[in-house]
């Protein structure tokens, strides 16, 4: 029994705990595990939003985006504090700010702010909770940026220009092609927003690895392809192929009833977040030389 427990402990440490402690990125085992956890969480969030009578509309997604920026910048704050020896969190609490744990922390704070915003509307203090909700996230994001600029200097100012320019330019080119082909799926604003988020992510990866240098890809498949091709430019076709397929499937395979539409929008929202969050973190880190 002790031998078995030792092997289980070693497995957990090797594939789950050590990558978190050392911020080493992902492996095949924890990638599969987190994917399963994400799937479970999506349905949990879906039921939670149903209970709160929150519909996942473009307006709701827009009001949520400041929290994505806040969560991504929070991780950079921890990186900055740690590098300066000023970390406000020591292990094991600092592990909460490492991917994927930080997602659970940000989720808890976001849900709390959503509940407060809805209560404010129900109390008759505002007509619409969305601006209040977005305001919480924007304030949090600005506090994070202010903290970073207090402790850090802008080291590589061209990084956000490149990331935004490349991301927007490629998304616009894709839009023009889709419009020429008369594809309503790939000219849809929500779908274009998802593509933009992942083009920003691809651009931040490319500039970090191939231009600025000193950064590396943490995810298993992208890391393998970058090593195979010897360039992070491979992120662009990889993102396009994957997400064109996913978005096409979502818009053609789901039923048209209200519940299915709401679930489809939730999945799209999660996909958008999975692109925008790392793009934001990567861009801020490289800009400040962290």
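Read-outs: derived from the displayed coordinates by stated rules, not from any lab. Here the structure is a predicted model, which means the values were calculated and not measured. Backbone-built Cβ (ideal geometry, glycine too); neighbour counts: all protein chains shown.
Taking 2.2 N^0.38 Å as the expected size of a compact globular protein, what ratio does the Cα radius of gyration of the stretch 139-290 give against it, to two decimals?
Dividing the Cα Rg of the stretch 139-290 by 2.2 N^0.38 Å gives 1.14.
Provide the descending list of Cα extents for the stretch 216-284 along its principal axes, expressed in whole angstroms.
Ordered largest first, the stretch 216-284 gives principal extents of 46, 25, 16 Å.
Please compute the contact order of the stretch 156-290 in relative form: average sequence separation of alpha-carbon pairs under 8 Å and at least six residues apart, divided by the residue count, as a percent.
That works out to 37 percent.
If a paramagnetic tag sat 7 Å from the Cα of residue 38 along the Cα-Cβ line, which residues of the stretch 257-281 would have the backbone N under 19 Å from that point?
263-281
For the stretch 152-230, what Kirkwood radius comes out of the mean inverse Cα-Cα distance, in Å?
After inverting the pairwise mean of 1/r, the radius is 14.1 Å.
I need 113, 41 ordered by Cβ neighbour count within 10 Å, fewest first.
Lowest count first: 41, 113.
So for 265, 286, 190, fewest C-beta neighbours within 10 Å to most, what's the order? Before the final figure, lay out the partial values.
On the way: 265 20, 286 23, 190 17.
Arranged by neighbour count, lowest to highest, 265, 286, 190 become 190, 265, 286.
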